[in-house]
Amino acid sequence: MAPAVDAEGRDAVLKVAWRHTESMHEAEGLAALDGYGGVEVYEFEHLSDDTTVMLLERCRPGHELRTRPEAEQHVTIIHLLQAVWAVDLRSGNPFRPLAEMADQWVASAEARLAADQSRLDAGLARDGLSLFREFAQPAATDVLLFTDLHAGNVLAAQRRPWLLIDPK
């Protein structure tokens, strides 16, 4: 991350990001918001399979939502989620379905459980993982998800009071 100014004179941030499984479509996720609820994406390019460069709106003053009282954090995140969920996802979008992500997370958790059964009751863990998989099944309507949404990934800004950054 580095501060920048774009060709139009806008305050910006240049972000060079490692593209891994969870952040594969970070730029597309922010761009899908079209500035409503998240930072604006001025430009982005996938330089390679594992590197994306983004020119993003710079948030000023830029302090994190987690510096605010917890009740304010909850209300703010609810409003931001409403903006995220309002995105009209076109068919053929690049985003992974939640069920696919949940399958990967459950497989990883099952492998850790098999490697070390001393930390958790195996039956209880399996029941929990089964419920996790069940709740992640497709709904009637697809919505955009930010799987790393927390008060540290919400910044104070001028254009809107709070903006999302760093989606996964």
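Pairwise over distinct Cα atoms, reciprocal of the mean inverse distance: report the Kirkwood radius of the stretch 71-142 in Å, one decimal place.
14.9 Å is the Kirkwood radius here.
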## Note on the structure
Note to self, the chain gives a 222 nm [θ] from helices alone (DSSP H runs n ≥ 4, -39500 (n - 2.57) apiece, / all residues, nearest 500) of -10500 deg cm²/dmol
### Task
Would you please put 142-148, 65-71 in order of how densely packed they are, using the mean number of other Cβ atoms within 10 angstrom per residue and starting with the highest?
142-148, 65-71
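Average the reciprocal distances over every distinct pair of alpha-carbons in the stretch 32-114, invert the result, and give the Kirkwood radius in Å.
Across the stretch 32-114, the inverse of the average 1/r is 16.3 Å.
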### Cα→Cβ-extended label distance, 7 Å offset, between TYR36 and ARG10, nm
1.7 nm
### Task
With springs connecting C-alpha atoms under 10 Å apart, model the chain as a Gaussian network and identify which of ARG133, ARG19, ARG90 has the largest mean-square fluctuation.
ARG90
### Task
For the stretch 1-146, list log₁₀ I(q)/I(0) at each q in 0.09, 0.21 Å⁻¹, using the Debye formula over Cα point scatterers of equal strength and ignoring solvent, two decimals each.
-0.41, -1.30
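Throughout, read-outs are computed from the coordinates displayed, never taken from laboratory work. Everything quoted here is computed from the prediction, not taken from an experiment. Reconstructed Cβ throughout: ideal geometry from the backbone, glycine too, with neighbour counts over all protein chains shown.
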